[in-house]
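Read the structure below first, then the notes.
The values are calculated or read from the model by the stated rules, or taken from the named source; none is laboratory data. All figures in this text were calculated on a predicted structure; none of them were measured in a lab. Glycine gets a Cβ as well: all are built from the backbone with ideal geometry, and neighbour counts include every protein chain shown. Keep in mind that these areas ignore ligands, DNA and RNA; they rest on the heavy atoms of the full protein, side chains included. Shrake-Rupley method; radii C 1.70, N 1.55, O 1.52, S 1.80 Å.
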Protein chains: 2
Amino acid sequence: MAPVPASHPQVAVTLGLLLSVLGLAAGGKVLVVPVDGSHWLSMREVLEGLKAKGHEVVVVAPEVSLYIKPSKSFIMKMYPVPFTQEEMDTTFQRTGQQVFEEGTFLERIVKTYEGVKNTSAIFLSTCEHLLYNKELIRYLEESKFDAVFTDPILPCGQILAEHLSVPSVFYLQLIPCGLEFEATQCPNPPSYVPRVFTDNTDRMNFLQRVKNVIFDIPNFFLCDVVFQPYSKLASEFLQRDATLLEILSHASIWLMKYDFVFEYPRPVMPNMVLIGGISCTQEKPLSKEFEAIVNASGEHGIVVFSLGSMVSDIPMKKAREIADALGSVPQTVLWRYTGKVPSNLPQNVKLVKWLPQNDLLAHPKTRAFITHGGSHGVYEGICNAVPMVLMPLFGDQMDNAKRVESRGAGLTLNILEMTSEDMSNALKTVINDKKYKENIKRLSELHLDRPIHPLDLAVHWVEFVMRHKGAPHLRPAAHDLNWIQYHSLDVIAFLLAVVLLSLFISFKCCMFCCRRCCFKKGRTSKPAKSKSH
Amino acid sequence: MAPVPASHPQVAVTLGLLLSVLGLAAGGKVLVVPVDGSHWLSMREVLEGLKAKGHEVVVVAPEVSLYIKPSKSFIMKMYPVPFTQEEMDTTFQRTGQQVFEEGTFLERIVKTYEGVKNTSAIFLSTCEHLLYNKELIRYLEESKFDAVFTDPILPCGQILAEHLSVPSVFYLQLIPCGLEFEATQCPNPPSYVPRVFTDNTDRMNFLQRVKNVIFDIPNFFLCDVVFQPYSKLASEFLQRDATLLEILSHASIWLMKYDFVFEYPRPVMPNMVLIGGISCTQEKPLSKEFEAIVNASGEHGIVVFSLGSMVSDIPMKKAREIADALGSVPQTVLWRYTGKVPSNLPQNVKLVKWLPQNDLLAHPKTRAFITHGGSHGVYEGICNAVPMVLMPLFGDQMDNAKRVESRGAGLTLNILEMTSEDMSNALKTVINDKKYKENIKRLSELHLDRPIHPLDLAVHWVEFVMRHKGAPHLRPAAHDLNWIQYHSLDVIAFLLAVVLLSLFISFKCCMFCCRRCCFKKGRTSKPAKSKSH
């Protein structure tokens, strides 16, 4: 049975263009509050889809950013921030480099904490300078938007949506502390839904389940600390008592960047729409430069190697080890790397400053994909059915790698501890052991067999929110209940009390009856006794 | 902003036909085990969709049935059953009539119980005669089906699927006792998910929540009794210990015939696909007879009145009351009614033995819909934006009516207790109070604004299961946990024990240290004391 091709976004986009040229589609107005980095790269495609359907897209972004640049697809409104491009680049580069820095466990923890603190400070400051930019806010107030489209990993967009009283659509992979579950009232049992950073799968033994529950505990108090500055900012800006959880819970639609081919099956809520693999579009033809390299690779084909946008430079010692490992396979390796060239670079390894990742992975000659395990890359690997060697660096990458490995579609390495031989073995295994190719092919077929392309789905739901001014019919009534009510603890206590009271009364009645009976007996038997005397 | 029309199933069907004519689509084989009555009527459309996509559809059905008849769209395999058409018709007609029979509450309960017992006996006997029909079972075993498509309200189809080791797709509204939640491991909190027969909405006060929990209690023990015969039959037929819950939990995909425009928002699982409104397709032109009646109705338009396929006859006294009420509105009323004509039938009421319900509801002259509140009819009312007067009779119809009423799109009447005036008032209100039309129009717009037509979605998922031999990647790991593990009670007990033990040991250590300190003090102070002496 041949799978029916899923409708391609290109069709919708072309139709949209046609409609907008003919003036048939009366467009809406979308305000986009993006998050910098890879978050922005994956969001951009939805914006192009919206523009193609005839909507006006306005992006507000800081003047200093990593990737957010003006484009023909949208109107860009920039606002000043109190740091320079250099300061920003340095902060983010440091985060990438820190992964490879040596030191004791405690030193590493302290460094990571400082890194997170610095980047968080930049994001918070950016948010403050957006919200307190009076001129920009006045423009936004006057613009009468139909929807706000934002990534809630930073809640600035939702604070703005509250202020403008405009319904919002969220676009996300996850929010730290599992806030996306709380804010959607989505059940999230720790018995089979693995927590971030635990390295657990959905099938856990007793000790793994204990670990899973323990990893949940910090969420109850540590996360409040993390999000407190935003709750404070929101309360000040909106001039009312506001918590982050309450604000996030007002989102109309949550576009979740995963599907259950990659993620372990678990409950979802009606206003959560799964759009995993949204970035994996039809490949474009390779440029002459890359085409030539791929064609020259012969029967062995190529390996694509990239550690993502955050890491382009690694310590020379590690680079030499990696180069050694790459030299041990007959494939041509295309390595995205901007650091100093290792002196032992083998002939089969081509260093490039940038590579068209999806188009290369889509090439039939590609045999393996060495990746840091960012969700964007992992989905491109799944979509194009390329077995992976995963070298997770930070954030959810460890968990992403675990998911791929647990499905037999790749192998995970610890980039700090691995030897050259470990890497060589892993690479050879995923290329030569047919099991890996078979597993990733099966995942790919499941992933691609969908009734509608995720990009069309995302555009549909943004338009839905614009057309209907939100989606209140998808908001569960659970939001109106407190913890005790939600779990029916008050009802259970009441029913228990009723049962116990009934038992008590019955018991007392019985006792009373018994006593009366005994008393009567006693009274009637006494004279009998006296008679017998 | 004009809503983009959702892709229509006709397109897919035409494409499928084209493909199958060209021999491009290699079709699969689907075994359909239907449930009689309205269940079959709504399932038939999916079968036509599958046939149009080039699949071979085989329906197994008893020789005696209410609606299941051969068609060009599928191969029909019939098997003998030990009752006649007359006996069957009588049993089902009696169920319809019972609603109107007078008597004390206890008498009515006993009659309802007997009615349910009789129809259950017919269904169980039908199932036994299917499973133990050796010739038919041999044919089915040899046929090598790719999927079983069945309504799990009667689990016969799934027992067969287990025997044939073929993945199954379920097509349902609900299963008694909320078994669909247990069998999918779908969380179903009684605090905001109203239980069947409670008359509750998703927003409940304390007493309503108590009622909701109380209505859950029978599920724990009564349902076992109801389903025991099927568990027994399954164990015997499959020659292994089998419970109904375990068998049902093996279904690959659950096509749920509702959406969250009608149903209250609540958690869903990855293998549940919502296809509410699947039966509401584009209207066909009316026949000359109906066209004439509708056109003659003038500016006041028409009212459509049907109590569904189960009830066509009602007691004369009630019929006269209803006729009186219908005479009080200026609209022409089309009443599906096969009983004796009430002598007071007003001029504006036309009795018909059958009516094209969806096509009439779709007519712009239709002002209201009087219905018993079957989910099929309610969705046709929502789809065509016609305000409703609901007169629920049995089953989930009370709950359906409550849902429509709670959204301000209709009014509910108790058909037994209502007076002629009550009905007249209700009808006039939904027609003349603009609020009802506005609310049903809003619901209709939300319901119809979907990225893909539910029929296409249903066909896609049946094909998905055929192509991939099931959908094991959508099966939650929760199925492998028992109740204690699922709720992490063992983990909580363990952690509590650890905490208590640590506290106890710390306490003991402290006590020990204190004692030693005191003792030392005592020892060192004593000589000092003696010195001073």
Near the amide H of A:Leu274, under 5 Å away, which other amide H atoms are found, from residues 5 or more places off or on another chain, if H is placed in the peptide plane?
-> A:Met256
Per residue, in Å², the accessible surface of region A:379-436 once ligands and nucleic acids are set aside, probe 1.4 Å = 35
Per-pair calculated FRET efficiency, R0 = 22 Å: B:Glu299 and B:Lys434 via Cβ, rounded to 0.05 = 0.85
Where labels lie 7 Å past Cα in the beta-carbon direction, separation of A:Arg94 and A:Lys134 in nm = 3.4
Got the relative contact order for chain B handy, in percent, Cα pairs under 8 Å and 6 or more residues apart?
-> 14
Other protein chain Cβ atoms within 10 Å, averaged over every residue that makes up B:485-496 | 4
Based on DSSP H runs of at least 4 residues, each adding -39500 (n - 2.57), what is the mean residue ellipticity at 222 nm of chain A after dividing by all its residues, to the nearest 500 deg cm²/dmol?
-> -16000 deg cm²/dmol
With B:His479 itself left out, Lys, Arg at +1 and Asp, Glu at -1 over residues whose Cβ is under 13 Å from its Cβ give -1
Rounded to 10°, Cα long-axis angle of helix A:85-98 versus longest principal axis of chain A = 70
Classify region B:167-297: rounded, prolate or oblate, from the alpha-carbon gyration tensor (a ≥ b ≥ c, eigenvalue square roots; a/c under 1.5 rounded; otherwise prolate if a/b is larger than b/c)?
-> oblate
Roughly speaking, what % of Cα-Cα pairs in region A:311-446 are separated by over 22 Å, rounded to a whole number?
-> 31
Within the P(r) computed for chain B, what percentage of the Cα pairs occupies the region above 33 Å?
-> 49
For peptides A:471-482, A:178-189, sequence by mean Cβ density within 10 Å, most packed first = A:178-189, A:471-482
Heavy atoms of B:Glu102 accessible to a 1.4 Å probe, total area in Å² rounded to 10 | 150
What is the mean number of Cβ atoms from other protein chains located within 10 Å of the Cβ atom of each residue in peptide B:434-447, rounded to a whole number?
-> 1
Taking the mean number of other Cβ atoms within 10 Å as a proxy for protection, how do you rank B:411-418, A:168-175, A:128-135 from highest to lowest?
-> A:168-175, B:411-418, A:128-135
Ignoring ligands and nucleic acids, chains B and A bury, in total, an accessible area (1.4 Å probe) to the nearest 100 Å² of about 5200
Other-chain or far-sequence residues with amide H under 5 Å of A:Phe149's (modelled H) = A:Leu31, A:Val32, A:Val33, A:Val169
Just grab the label-to-label distance for B:Trp354 and A:Glu87, each label 7 Å out from Cα along the Cβ direction, in nm (one decimal).
-> 7.9
FRET efficiency (A:Leu66, B:Phe206; Cβ distance; R0 51 Å; to 0.05) is 0.45
Solvent-accessible area of A:Ile214 with every protein chain in place, 1.4 Å probe, in Å² to the nearest 10 | 80
Over every pair of different alpha-carbon atoms in the protein assembly as shown, take the mean of 1/r and invert it; report that Kirkwood radius in Å.
-> 33.2
Computed FRET value (nearest 0.05) for B:Glu291 with A:Asn188, which takes r as the C-beta separation and R₀ as 51 Å = 0.40
Any chance you could check the Cα centroid distance between region A:114-132 and region B:192-232 for me, in angstrom?
-> 50
What average number of partner chain Cβ atoms lie no more than 10 Å from the Cβ of the residues making up A:463-476?
-> 4
Whole-Hz Karplus ³J(HN,Hα) for region A:151-165, in order, using 6.51 cos²θ - 1.76 cosθ + 1.60 and θ = phi - 60°, x for Gly and Pro?
-> 9, x, 4, 10, x, 4, x, 6, 4, 5, 4, 4, 4, 7, 6
C-alpha long axis of helix A:105-131 to longest principal axis of chain A, angle in ° | 90
Within-15-Å neighbourhood charge of A:Glu263 [Cβ basis; K, R +1; D, E -1] | +3
Alpha-carbon centroids, region A:322-348 and region B:306-355: separation in whole Å | 84
Label point distance in nm, A:Leu222-B:His487, each placed 7 Å from Cα along Cα→Cβ | 2.9
Listed pairs B:Lys111/B:Lys232; A:Lys29/B:Lys435; B:Lys288/B:Lys428; A:Lys365/A:Lys428 exceeding 18 Å between Cα atoms = B:Lys111/B:Lys232; A:Lys29/B:Lys435; B:Lys288/B:Lys428
Using a 1.4 angstrom probe on heavy atoms only, work out the carbon and sulfur share of the accessible area of chain B in %.
-> 60
Exposure of A:Tyr139 as accessible area (Å², to 10), given a probe of 1.4 Å and all protein chains | 70
